[in-house]
Amino acid sequence: MWNRMLIFITLFCTTTFVMAQTEVARFEMLIRKPTGITSAADAQGRFAYFLYSSTQYHVVFFDAQKKSIGSILFSKPKEVKSAKPLSMIVDGDQAYIYLYNEKTGTIGELKVTRASGQHSYATVAQLPYQQKFLKALTDGTQFYLLAVPSGRNELAVWSVSKGKASSQLYGIELPDFYKRLSTGNSYLNEEPNGLIGIDRIRTDIENNVKSAQAVKKVYVSQGKITLTFDDPDYTHLLTIDTKENKASYKKLKFSLENETTSDKKQGNSFLWGKYLFRFTVNTHQFNVSVIDLDSMVQRLSFNGFPGTELTFKNGPMLQEGNSDKDKIITTTEQFIKKVLAASVAIAVNQKDSLYVLEIGGFETYTTSSGPYGTGGSNFSMSMGMGMGMGYGGFYGGYPGYYGGYPGFYGGYPGYYPYNTTYTTQVRSYYFYSLLHQPDFSHKEGIVPISLRERISNFQEGMFKEQIPELVRLVNLQEEVLVGYYVGKTGTFRIYQFVK
């Protein structure tokens, strides 16, 4: 039955793929050998690209109809020195590019105005020597830089907007906060900028078990910054309310009925609005739970056991990678064994009135050295609060994650290609589950083809053996734009993918 269904899905996906991919714009590359690129869009659908080399900067503006309305090339300002671009914000006719100088600890803002072609650079803040850079975030027209005093359980939040900067220092109740940030960084999608690191999760673009694999994540929305840390038995949540200058801490415990102290166990979570989705697994059982963080009520709990059929999945359990043929995992026991050997993950997306869950695990390995029902789940929680104390008022070239492709894939951490010959290979194990809103009941049906699969299919057909030198994604409300630069063409070409 699944073979017939997979054939149907393939035909459906192929038709959707052909209809959805359209070249919507292109521009001439004025910097022939750029070292990096970033992009941003505003709420009205206007967007821009920022390309740079060691000596030149190039900003290209587009209107909401995807028409190029400005191309500004200029020499890198002397004041920038060795500062590296972190993020960009587009606000109407202006682009704000934020840069960080690791040697001096300074945050710079480069303002570029489309209509006049003018640009100006200013240093807006300087981190104290003991503060270590953690993460750059954007939230609407607000730029945040997170920093942590070395070895301390504190978090500094630097807020920058249109030339003005302020900072707030928050006490963190998680005892080993700094240690968690300084370990396990090889499993992040985004390379740390220093000794400490964490993955940014964006819920306005499709996520999967690759983008959600890290056990330390940061989310930002409407002035609230939430950091999550996952252990086999616990999820820790740290929330910073930048408007109220308050920090809060929650600790949620997740236990399985069929477990012993000697069991191998993993757990990971995904935050969607006020709901925490958690995947917990050991050798005897796995559980998926949903917690309402406002009421601390468990809204959903379903389990999988070896020897039993999963009634809450949509489609088969799959194993896929970029170096071997896709396989259907036939038993729950095999699925549990495979995900426990990888990094377990759960990702949540929304399609119309449905939650689309991708549940499983992800791993990377090198071709030269090999691979790098019944019952229930209980959860409990403890809460604390620490008040913030006043402290005074990029994609810039991640390393090749696939031996040639950028690991962050130019703004889309969930991407990984099929059928490649790169040294670093990837493999994922997962199944989908569709849930109704707002009661989280399971819905039967076929899960639509993912954005990652559509981009991979398109890229394989378009470029074949050619590897684009630059790839950059722009996330709009109803669509995603993926731009490619292949050196021979001299142009950056932008294609539309409907969400």
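Looking only at the stretch 53-99, filter to residues that are under 28 Å from the mean Cα position of the chain (by Cα) and acidic (Asp, Glu); which one of those is farthest from residue 475 (Cα to Cα)?
It comes out as 93.
Determine, yes or no, whether residue 147 is touching a Leu at 6+ places or on another chain (Cβ under 6 Å), among the small types (Gly, Ala, Ser), within 22 Å of residue 170 (Cα to Cα) and open to solvent by less than 10 Å² (accessible area, probe 1.4 Å).
Values: touching a Leu at 6+ places or on another chain (Cβ under 6 Å): yes; among the small types (Gly, Ala, Ser): yes; within 22 Å of residue 170 (Cα to Cα): yes; open to solvent by less than 10 Å² (accessible area, probe 1.4 Å): yes.
It is true that residue 147 is touching a Leu at 6+ places or on another chain (Cβ under 6 Å), among the small types (Gly, Ala, Ser), within 22 Å of residue 170 (Cα to Cα) and open to solvent by less than 10 Å² (accessible area, probe 1.4 Å).
Could you please find all residues in the stretch 195-213 being under 16 Å from residue 273 (Cα atoms) and not in a loop (DSSP other than H, G, I, E, B)? Give the steps one after another, and end with the answer.
First, the residues of the stretch 195-213 that are under 16 Å from residue 273 (Cα atoms): 200-207, 212.
Scanning the stretch 195-213 gives a single hit, 200.
Only residues in the stretch 44-65 that are surrounded by fewer than 16 Cβ atoms within 10 Å (Cβ to Cβ) count as the first member; pair them with residues that are of a type in the set (A, V, I, L, M, F, W, C) and assigned to a strand (DSSP E or B), Cβ under 9 angstrom, at least 6 apart or cross-chain, and list the lot.
Qualifying pairs under 9 Å: 63/47; 63/69; 64/47.
Residue check, residue 123 against (1) of a type in the set (S, T, N, Q); (2) under 24 Å from the mean Cα position of the chain (by Cα); (3) open to solvent by 50 Å² or more (accessible area, probe 1.4 Å), all met but one. Which one?
(2)
Quick check on the stretch 166-197: of everything there that is open to solvent by less than 50 Å² (accessible area, probe 1.4 Å) and among the aromatic types (Phe, Trp, Tyr), which residue is farthest from residue 348 (Cα to Cα)? Walk me through it before giving the result.
Narrowing the stretch 166-197 to residues open to solvent by less than 50 Å² (accessible area, probe 1.4 Å): 167-172, 174, 177-178, 180-182, 184-185, 188-190, 192-194, 196-197.
Filter once more, so that each one left must be among the aromatic types (Phe, Trp, Tyr): 170, 177-178.
Numbers: 170: 29, 177: 26, 178: 28 Å.
Going through the qualifying residues, I end up with 170.
Condition check: open to solvent by 40 Å² or more (accessible area, probe 1.4 Å) and under 22 Å from the mean Cα position of the chain (by Cα). Does residue 200 satisfy that?
On the way: open to solvent by 40 Å² or more (accessible area, probe 1.4 Å): no; under 22 Å from the mean Cα position of the chain (by Cα): yes.
No: the conditions fail for residue 200.
Go through the stretch 216-249 and count every residue that is open to solvent by less than 40 Å² (accessible area, probe 1.4 Å) and part of a strand (DSSP E or B). Outline the logic, then answer.
Applying the first criterion (open to solvent by less than 40 Å² (accessible area, probe 1.4 Å)) to the stretch 216-249 yields 216-220, 223, 225-231, 235-242, 247-249.
Then keep just the ones that are part of a strand (DSSP E or B); that gives 216-220, 225-230, 235-241, 247-249.
Qualifying residue count for the region: 21.
Would you point out the residue of the stretch 256-297, among those that are among the β-branched types (Val, Ile, Thr) and open to solvent by 10 Å² or more (accessible area, probe 1.4 Å), that is farthest from residue 334 (Cα to Cα)?
Within the stretch 256-297, the subset among the β-branched types (Val, Ile, Thr) is 260-261, 280-281, 283, 288, 290-291, 297.
Restricting the remaining residues to those that are open to solvent by 10 Å² or more (accessible area, probe 1.4 Å) gives 260-261, 283, 297.
Values: 260: 20, 261: 22, 283: 10, 297: 32 Å.
That would be 297.
From the list 418, 485, 422, which residue is open to solvent by less than 60 Å² (accessible area, probe 1.4 Å) and at pLDDT 85 or above? Outline the logic, then answer.
Details: 418 fails: at pLDDT 85 or above; 422 fails: at pLDDT 85 or above.
Going through 418, 485, 422 in turn, the sole match is 485.
Is it the case that the stretch 330-346 has a residue that's of a type in the set (D, E, K, R), out of contact with any Asp or Glu (no Cβ under 9 Å at 6 or more places or on another chain) and either assigned to a loop (DSSP other than H, G, I, E, B) or at pLDDT below 95 (or both)?
No, there is no match, as no residue in the stretch 330-346 is of a type in the set (D, E, K, R), out of contact with any Asp or Glu (no Cβ under 9 Å at 6 or more places or on another chain) and either assigned to a loop (DSSP other than H, G, I, E, B) or at pLDDT below 95 (or both).
For the stretch 66-81, enumerate the residues that are within 28 Å of residue 126 (Cα to Cα) and either open to solvent by less than 60 Å² (accessible area, probe 1.4 Å) or acidic (Asp, Glu) (or both).
74, 76, 77, 79, 80
Just to be sure I understand, how many residues within the stretch 430-445 are touching a His at 6+ places or on another chain (Cβ under 9 Å) and more than 13 Å from residue 349 (Cβ to Cβ)? Don't jump to the end; show me each part of the working.
Within the stretch 430-445, the first condition is being touching a His at 6+ places or on another chain (Cβ under 9 Å), and the residues that meet it are 433-436, 442-443.
From the residues that got through so far, the ones that are more than 13 Å from residue 349 (Cβ to Cβ) too are 436, 442-443.
Number of matching residues: 3.
The values are calculated or read from the model by the stated rules, or taken from the named source; none is laboratory data. Bear in mind that the values here come from a model prediction, so they are computed numbers and not experimental data. All Cβ positions, even for glycine, are placed from backbone atoms using ideal geometry, and neighbour counts span all protein chains on display. Ligands, DNA and RNA are excluded from the accessible area calculation, which covers all protein heavy atoms including side chains. Shrake-Rupley method; radii C 1.70, N 1.55, O 1.52, S 1.80 Å.
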